[in-house]
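Below is one structure, written out as structure tokens, with a few remarks after it.
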Amino acid sequence: MEQIIRIKDGKIFQDDKLIIKDINFELNDNELVYLIGKTGSGKSSLLKSLYGEVPLNEGTGEVVGFDLSKLRKKDIPHLRRKLGIVFQDFQLLTDRTVGDNLLFVMGATGWKDKNLMKQRAKEVLQLVGLETKMNIKPHALSGGEQQRVSIARALINKPSLILADEPTGNLDPETSQEIMQLLIAVAREEKSAVLMATHDMTIVEKFPGRVVRVENGELKELNTLNRFNPFETLGL
């Protein structure tokens, strides 16, 4: 078993405001871990810290072999080559085709051989069932298809870890389930761990994994989902 993330006594600040304190968290290869919590609780800040956008201000942390406390600006592209990132709003380049979106990411992460790039683009589109959409622009795709493209993009460099920030947040329930099934299937196929921030408790119930909640600036692991009752505050 390989450890993909390890943070000990971590703290994350943004604009001098303490967002999360006492972060003690580990994630191993092939694990699926959900990050739940209210809007603004710090879920996205934690993910951003893992991909080098927000510093880990205190404590020690390591992600895919990179020391977060010593991360320099020039290290960040190398870190991101070992990660796949899936966003809620897809973040596709609208003026380029699906294939060119993938080739752009490859060029930005150090790929040089054009034939290998095209071959890998085809491979990841096949993994997400969109091999026929290579020459289509994103606006011609449904929301679910656009999220499939962003998952394909996340898989390009065979990442050890996929970070997903509310990946089903802009999708209807049926499409959300399809995207989750796909994400879990391709992560297993590519042997990637998944850390996913989500509000969607039906997804968490349907596709079981470890659950960690961000609450009052702290990270708390839930032993079972039954301990988290979304209705308890309503007195039901």
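Closer than 18 Å to Ala193 by Cβ and modelled with pLDDT of 95 or more: is that true of Ile162 in this structure? Break it down into steps so the answer makes sense when it comes.
Numbers: closer than 18 Å to Ala193 by Cβ: yes; modelled with pLDDT of 95 or more: yes.
For Ile162, the condition - closer than 18 Å to Ala193 by Cβ and modelled with pLDDT of 95 or more - is met.
Does Thr109 satisfy the condition of being farther than 26 Å from Leu50 by Cβ, under 22 Å from the mean Cα position of the chain (by Cα), of a type in the set (Ser, Thr, Tyr) and at pLDDT below 95? So that I can check it myself, show each step before the final result.
On the way: farther than 26 Å from Leu50 by Cβ: no; under 22 Å from the mean Cα position of the chain (by Cα): yes; of a type in the set (Ser, Thr, Tyr): yes; at pLDDT below 95: yes.
So Thr109 does not fit the description; no.
Name the residue that is surrounded by the fewest Cβ atoms within 10 Å (Cβ to Cβ), counting only residues in region 43-72 that are in contact (Cβ under 8 Å) with a residue 40 or more places away in the chain and at positive phi.
Result: Gly59.
Quick one: Asp75 ticks every box in (1) more than 21 Å from Thr198 (Cα to Cα); (2) in a helix (DSSP H, G or I); (3) in contact (Cβ under 8 Å) with a residue 24 or more places away in the chain; (4) touching a Phe, Trp or Tyr at 6+ places or on another chain (Cβ under 9 Å) except a single one, so which number is it?
(3)
Collect the residues in region 2-42 that are part of a loop (DSSP other than H, G, I, E, B) and surrounded by 13 or more Cβ atoms within 10 Å (Cβ to Cβ), keeping them in residue-number order. Lay out the reasoning, then the answer.
Of region 2-42, the ones part of a loop (DSSP other than H, G, I, E, B) are 2, 15-16, 29-31, 37-42.
Those that are part of a loop (DSSP other than H, G, I, E, B) and surrounded by 13 or more Cβ atoms within 10 Å (Cβ to Cβ): Asp29, Asn30, Glu31, Gly37, Ser41, Gly42.
Between Ile151, Ile136, which is of a type in the set (A, V, I, L, M), crowded, with 19+ Cβ neighbours inside 10 Å and on the phi < 0 side of the Ramachandran plot?
Ile151
Could you please let me know if Gly110 is at positive phi and surrounded by 14 or more Cβ atoms within 10 Å (Cβ to Cβ)?
Details: at positive phi: yes; surrounded by 14 or more Cβ atoms within 10 Å (Cβ to Cβ): no.
Criteria not met by Gly110.
Among residues belonging to region 122-133 that are surrounded by 11 or more Cβ atoms within 10 Å (Cβ to Cβ) and without any contact (Cβ under 8 Å) to a residue 24 or more places away in the chain, point out the one that is nearest to Glu178 (Cα to Cα). Quick ask: steps written out before the conclusion?
From region 122-133, those surrounded by 11 or more Cβ atoms within 10 Å (Cβ to Cβ) are 122-131, 133; that's our starting set.
Subsequent filtering for residues that are without any contact (Cβ under 8 Å) to a residue 24 or more places away in the chain retains 122-123, 126, 131.
Values: Lys122: 21, Glu123: 20, Gln126: 16, Glu131: 17 Å.
In this case the residue turns out to be Gln126.
Among the residues of region 83-111, what is the count of those that are assigned to a loop (DSSP other than H, G, I, E, B) and among the small types (Gly, Ala, Ser)?
Taking region 83-111 and keeping what is assigned to a loop (DSSP other than H, G, I, E, B), we get 87-97, 109-111.
Add one more test, that the residue is among the small types (Gly, Ala, Ser), and what stays is 110.
The total comes to 1.
Out of curiosity, is Met117 in contact with a Phe, Trp or Tyr (Cβ under 9 Å, 6 or more places away or on another chain) and at negative phi?
Details: in contact with a Phe, Trp or Tyr (Cβ under 9 Å, 6 or more places away or on another chain): yes; at negative phi: yes.
Spelling it out, Met117 is indeed in contact with a Phe, Trp or Tyr (Cβ under 9 Å, 6 or more places away or on another chain) and at negative phi.
Leu93: hydrophobic (A, V, I, L, M, F, W, C) and closer than 30 Å to Val214 by Cβ, yes or no? Walk me through how you get there before you give the answer.
On the way: hydrophobic (A, V, I, L, M, F, W, C): yes; closer than 30 Å to Val214 by Cβ: no.
No; evaluated as a whole, the condition is false for this residue.
Under 8 Å by Cβ, and 6 or more places apart or on different chains, what pairs join a residue from region 19-36 that is under 22 Å from Met180 (Cα atoms) and of a type in the set (D, E, K, R) with one that is at pLDDT below 95 and in a loop (DSSP other than H, G, I, E, B)?
Note: pairs meeting the criteria are Asp29/Met1; Asp29/Glu2; Asp29/Ser160; Asp29/Lys191; Glu31/Gly209.
The values are calculated or read from the model by the stated rules, or taken from the named source; none is laboratory data. None of these values were measured; they are calculated from a predicted model. Counting neighbours? That spans all protein chains shown, and the Cβs are built from the backbone with ideal geometry, glycine included.
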